[in-house]
Each structure stands twice: as C-alpha cells, then as structure tokens.
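What follows is one structure encoded as structure tokens, with my remarks underneath.
The values are calculated or read from the model by the stated rules, or taken from the named source; none is laboratory data. Since this is a predicted model, take the numbers as computed values, not measurements. Counting neighbours? That spans all protein chains shown, and the Cβs are built from the backbone with ideal geometry, glycine included. Note: accessible area is taken over every heavy atom of the protein model, side chains too, but ligands, DNA and RNA are not part of it. Shrake-Rupley method; radii C 1.70, N 1.55, O 1.52, S 1.80 Å.
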Amino acid sequence: MNNRQQLDLQLPKGLFLLGIIAVVVIIIFSKSTVTIGPGEGGVIFETLGDGINTEKTYGEGFHIVAPWNKMIIRKVRQQSVSDEMNVLSVNGLEVKVNGTIWYEPEFNNLGMLIKTKGEDYERELLDPAINAAARSVVGRYTPEQLYSSKRDVIEQEILDEVKTVLKDQFLIVKRVLVEDVKLPNTIRTAIETKLKQEQESLEYEFRLAKAKKEAERQKIDAEGKAIANKILSASLTDKILQEKGIEATLKLSESPNSKVVLIGAGKSGMPIILGNQ
C-alpha cells in the first residue's frame with residue numbers, strides 16, 4: 001500500500017474523530033448554558049459539592065455553568081395563591097373562607113429557601129402558615145362579624161400572623177385578601193334579615209329625629225314671632241298709630257283711583273277715602 005492510499009484511509013478516520021469531538025462539545029455546551037427568564041432567579045446545585053450553593057442567586061439572562069451542575073430556576077417576582085379553607089367561628093360554627101395571598105421569595109436568599117424548604121416551598125411553608133393563621137383569626141369572630149363589618153380587620157390580622165410565622169423563613173408575604181365568607185344558608189338568611197331590620201330601625205329613628213327637629217324649629221319660630229309682636233304692640237301708642245294711618249292715607253290719595261278724601265271723618269279722626277274704583 002503506497003503513501004497515498006494510507007492518506008486516503010486516514011482522512012475519513014480523522015473526519016469521523018473530529019465529528020465525534022464536535023458532537024461532544026455541542027452537548028457539553030448545551031448542558032453548560034442556561035437562560036433565566038423575566039421575573040425569575042436561579043441557584044446552582046453542585047453535584048460534586050455540597051448541593052445548593054447558597055452564596056449566590058443568578059438573575060435574568062444567559063449563564064454558563066459546569067455541565068455536572070444544575071441550575072434550579074424559580075419565580076422571584078410577586079405571586080399569588082388562592083385557597084378555600086374550612087374554619088370554625090368563635091361559637092363553633094363551620095364557615096368557608098376564600099382567600100388570596102400575595103408573596104415573593106427573598107431574591108438574595110433563594111438558595112437558603114430551597115435548601116431548607118425544598119423546591120416546593122409553597123406547599124411546605126406557605127400553605128400551612130396561611131391555614132394556621134386563618135383558623136386562629138377567624139376563631140375570634142362571630143359569623144355575623146365575618147359576614148359584614150370585620151372583613152378588613154380580619155385580613156390585616158391574618159397578614160400579621162402569617163408574617164410572624166414566616167419570620168426568618170426567606171419568604172415575604174405582601175398582602176392577604178379575604179374574597180368571600182360562606183355561611184350555611186340558614187345562618188346567612190338570619191343575618192341578612194337582622195341587618196335589614198337594623199337598617200329599617202335606623203331609618204325610622206332618623207325620620208323621628210328629623211320630625212322632632214322640625215317641630216322644635218317651628219316652635220322656636222312661633223315663639224320668636226310672638227315675642228316680636230308683643231314688643232311691637234307695647235311700643236305702639238295711639239299717636240304713633242294715627243301718624244302711620246295719615247302717612248298711609250296720603251300715599252293712597254296719590255293713587256289715580258282716589259276721588260274724595262275726607263279729613264278727620266273717621267271715628268278716630270283718621271281720614272276716609274271715598275270713590276275708589
């Protein structure tokens with residue numbers, strides 16, 4: 001076999017080897033690159049090390065990691081979870097509470113959160129905290145308070161208790177919303193009837209108070225007029241009345257309808273006007 005034939009045999013072998021190397025490089029590169037999406041964070045699981053690396057949390061974008069390691073990606077923006085819980089009121093009545101809670105993991109402590117609570121930390125940590133807080137808070141109130149006026153207070157108290165339970169657990173709770181409180185039909189109907197009667201009673205009391213104030217106003221107005229007339233009557237002498245009568249007569253005499261004016265013809269000496277049309 002000559003040199004050319006040997007070279008022709010070596011070329012396919014070399015190309016095959018290069019192809020294998022290229023495939024291996026592509027696989028390694030694909031295993032070593034990770035893209036973290038918007039609102040997400042990642043932590044490295046070191047297969048040959050101590051597991052979760054808690055020192056660094058990776059943000060959005062393209063990252064290169066060792067092929068034997070794994071990037072665990074979780075949402076780090078604000079999220080919400082809704083649930084329906086069966087809880088007991090202060091008098092032992094079972095009610096259903098529909099609620100939503102907004103939360104987000106602490107970005108810089110995402111590694112510690114996953115290392116201590118696992119990747120499914122919502123189920124392991126958040127759900128039990130919400131249920132415990134809801135049962136504790138709802139158990140302080142009557143069904144009527146839960147159904148009507150105490151909703152905002154209950155939400156704040158549940159939020160405070162959840163924050164206390166999750167303190168130093170690397171999970172931030174932003175807000176709690178109690179969307180609905182479901183009572184047995186008989187209890188709900190009784191509460192609605194009572195609230196309606198209370199509203200009607202308040203409306204009736206308002207009308208009575210309004211009528212009473214109007215009567216007092218009219219009484220005060222009448223008393224004021226009576227006092228004014230009394231003062232006026234006391235100040236009017238016969239001479240003043242005569243002067244006022246003369247002034248009025250003179251004004252009437254200037255009218256085109258006045259025909260005859262008799263001075264001093266009245267019983268009290270007041271003028272009399274005759275011939276009015």
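Could you tell me whether any residue of the range 159-168 is open to solvent by 10 Å² or more (accessible area, probe 1.4 Å) and not in a helix (DSSP H, G or I)? Scanning the range 159-168, I find at least one residue that is open to solvent by 10 Å² or more (accessible area, probe 1.4 Å) and not in a helix (DSSP H, G or I), so the answer is yes.
Within the range 57-66, one or more residues are within 11 Å of LEU110 (Cβ to Cβ) and part of a loop (DSSP other than H, G, I, E, B). When ILE73 is tested against (1) of a type in the set (Val, Ile, Thr); (2) part of a helix (DSSP H, G or I); (3) open to solvent by 20 Å² or more (accessible area, probe 1.4 Å), exactly one condition is not met: (2).
You will find that of MET1, MET85, the residue that is over 26 Å from GLU122 (Cα atoms) and modelled with pLDDT under 85 is MET1 and no other. For the range 136-145, taking the residues that are modelled with pLDDT under 85 and assigned to a helix (DSSP H, G or I), the one that is surrounded by the fewest Cβ atoms within 10 Å (Cβ to Cβ) is identified as GLU144.
Contact annotation: residue pairs with Cβ atoms under 8 Å, 6 or more positions apart or on different chains, pairing a residue in the range 62-89 that is in contact (Cβ under 8 Å) with a residue 24 or more places away in the chain with a partner that is open to solvent by less than 40 Å² (accessible area, probe 1.4 Å) and of a type in the set (D, E, K, R), are VAL81/GLU122.
Considered as a group, the residues in the range 38-53 that are in a loop (DSSP other than H, G, I, E, B), open to solvent by 60 Å² or more (accessible area, probe 1.4 Å) and not polar (S, T, N, Q) include one that is nearest to ASN69 (Cα to Cα), and that residue is LEU48.
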